[in-house]
Each structure stands twice: as C-alpha cells, then as structure tokens.
Amino acid sequence: MRPDYILTLSCPDRTGIVYRVTGLLFESGCNIVDAQQFGDDETRRFFLRVHFDAPNVAEMEALEEGFASLAEVFNMDWRIHDAQRRARLLVLVSKQGHCLNDLLFRAHSGQLPVDLAAVASNHDDFAALTASYGVAFHHLPVTPASKAAQERQIIELVERERIDLVVLARYMQILSPELCAALAGRAINIHHSFLPSFKGAKPYHQAHQRGVKIVGATAHYVTGDLDEGPIIEQDVARVDHTMTPKELVRLGSDTESQVLARAVRRHVEHRILLNGHRTVVFR
C-alpha cells in the first residue's frame, strides 16, 4: 500500500495554482485521491486540500522541496500531513461530562481517528469514567491564586504527551491570554449555545426566557477573545413552548456532543483552513 498524505494550502488567488500544484504531484509520481478547492471573492484568497498517495516515503523530501519553491512563487501558507498519523488529544473537562463521554467512546470504538492521550480536569468527578477507557486522568484543581501554576501544568502535559489538539469539552475555566497563545490553532472549545447569541453561564435559561424555537451549539478555535474564536461547526435542535430549561439542557447536551465530535474530526483530518477570522471547512 502506497503511503498517503494531505496537502493543505492557502495563498492570494491567481491563475495557475491548481495547474502548478497538480503538475508537481504528477511529476513526483503521486496519485490524487481527492481534491477540494475554494476561492474567496471577498478576501481574494485561494484554499486547497489535496489527499494524495506517493510512490514511497523517500520521495517526500524531494516533493517537499518542490513545494517550498512553489510556495515562494505563489506566497503560499502550506503543510503536508501524513494521512495515517493519528492526532494525540488532551481533553479538558469540568463537572459536565457528556462531551467527554462521547469523545471517549468515539475514540475507543474507532469512530474518531485519534489517540486520546489524556484527560485533565479541575475536578475529579470523571476519574473513574476516564480510567474505564484506559486513559490517564489528571486532577488539576484551580483557584484564582493557583491559576497560573495550574495552567503551566497543562502546558507541561501538552509537551510531555506530544499533544496535537486540546479539546475543551465543557471546561468551565477561562484560559489566560498566555495559555491561549501557547495553544493557538490547536485548541477547540464547545460553546453551549448558538454563537453569537446567549453567551454566559446559563444560555439555555436565557433562551427559555426569550421563548426561542431552536437551541444550538458552536465549536470554535480558542483565542484570547472569549467565545470569539473562528467557528468550525454549529448545529441546532428545535424546541417548543412546552419544554423546561432542564429539557433544553438535555437536548442541547446531545447537540453539543455531536458538534464537538464533528469539529474534532475535521481538524484531525486537516479539513480546516483559516480565512481571517473565519474558517474554510472542506467536507
């Protein structure tokens, strides 16, 4: 079986990009398995994701050198990813475990192509659940006085476990600007409402008070601006006037789990490219 890779790139839009990229792959003996592209008329940027296989691993060094030269011509931001390498995840959680439980099951059952390396929490509620899947659990309690030290423990855990993606699965702590910067582009949060509406601690109660007919969930990249990071995935569920806040929470929890899992999958499959404050998400 030939090794396969995923090329992702973005650059100023101009003619000849696809021709030059596919030509280089052809000259290197590669076969394109799948390709998706998008040109944004507003930003005038071009985005491309190509899944391809190569004759052998030894050819990749020459291919990467070729892409480096091509990138200079087109001013590309680009990366080539090993399609068979499984991303290593660290999940952060507090006292609501539905998203954690969903991720643990999906990873364990092979539905999500990741290695869930560790779970960390400021509470110990889900130590037994995590252990039942054979995953390391780290209890990292936090107070206002210990926040900086606790976040250093998180960074040390990321480095020690060679974490590719940190997932905030209802982790109810505001990350410091320093931690946000350290995890830039590799941390995803699930927000328990359909952003940008109903921010704060009790969005479902706010939604109930306003008589909404849908509730939703939003997965986004973590930035220093609280709940303002680039949006990756969203979904909604229909509600009606008979539902209580508790029923909205139950319905919303299911939606959150599904939205977060889809966002994680698209990240680890290298389907997301940043377009300013927005994302291009290839299906």
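Bear in mind these aren't lab numbers, they're just calculated from the coordinates by the rules spelled out. Small disclaimer: the values here were computed from a predicted structure and weren't measured. Note: ideal-geometry Cβ built from the backbone for every residue, glycine included; neighbour counts use all protein chains shown.
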Under the Karplus curve 6.51 cos²θ - 1.76 cosθ + 1.60, θ = phi - 60°, whole-Hz ³J(HN,Hα) for segment 120-128, x wherever Gly or Pro sits
10, 8, 7, 10, 9, 4, 10, 4, 5
Cα axis of helix 98-109 to longest principal axis of the chain: angle in degrees, 0 to 90, nearest 10?
40 degrees
One finds the C-alpha centres of segment 1-72 and segment 213-257 to be spaced, in Å, by 36 Å
Could you give me the ³J(HN,Hα) list for segment 74-87, computed from phi with Karplus coefficients 6.51, -1.76, 1.60 and θ = phi - 60°, whole Hz, x at Gly and Pro?
9, 6, 8, 9, 9, 8, 10, 10, 6, 5, 8, 7, 8, 5
Take Glu161 and Arg283, extend 7 Å from each Cα along the Cα→Cβ direction, and tell me the distance between the two endpoints in nm.
3.3 nm
Using all C-alpha to C-alpha distances in segment 1-96, build P(r) with 10 Å bins and read off the rounded percent in each one.
14, 45, 24, 12, 4, 0
Inter-probe distance in nm under a simple model that places probes 7 Å from Cα toward Cβ, at Asn75 and Lys147
3.9 nm
Most fluctuating residue of Ala187, Ala127, Ala62 in a GNM of the chain with Cα springs under 10 Å: which is it?
Ala62
Enter the angle in degrees (range 0 to 90, nearest 10) between the Cα long axis of helix 17-27 and the first principal axis of the Cα atoms of the chain, meaning the one along which they spread out most.
70 degrees
Under 5 Å from the placed amide H of Ala87, counting only residues 5+ away or on other chains, we find Asp115
Considering the values [x] 1.10; [y] 1.22; [z] 1.00, which represents Cα Rg over 2.2 N^0.38 Å as calculated for the structure under consideration?
[x]
Value of [θ]222 nm, deg cm²/dmol, for the chain, DSSP H segments ≥ 4, -39500 (n - 2.57) each, nearest 500:
-10500 deg cm²/dmol
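I need the fraction of alpha carbon pairs in segment 132-283 separated by more than 25 Å, rounded to a whole percent. Walk me through the intermediate numbers first.
Working: 4057 of 11476 pairs.
Result for the distance tail: 35 percent.
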Would you mind working out the magnitude of the charge dipole of the chain relative to its Cα centre, with +1 at each Lys and Arg C-beta and -1 at each Asp and Glu C-beta, to the nearest 20 Debye?
880 debye
Angle between the chain longest axis and helix 245-268 axis [Cα atoms, degrees, rounded to 10]:
20 degrees
How much length, in nm to one decimal, is gained on full extension between His123 and Gln111, taken as 0.36 nm per residue of separation minus their Cα-Cα distance?
1.6 nm
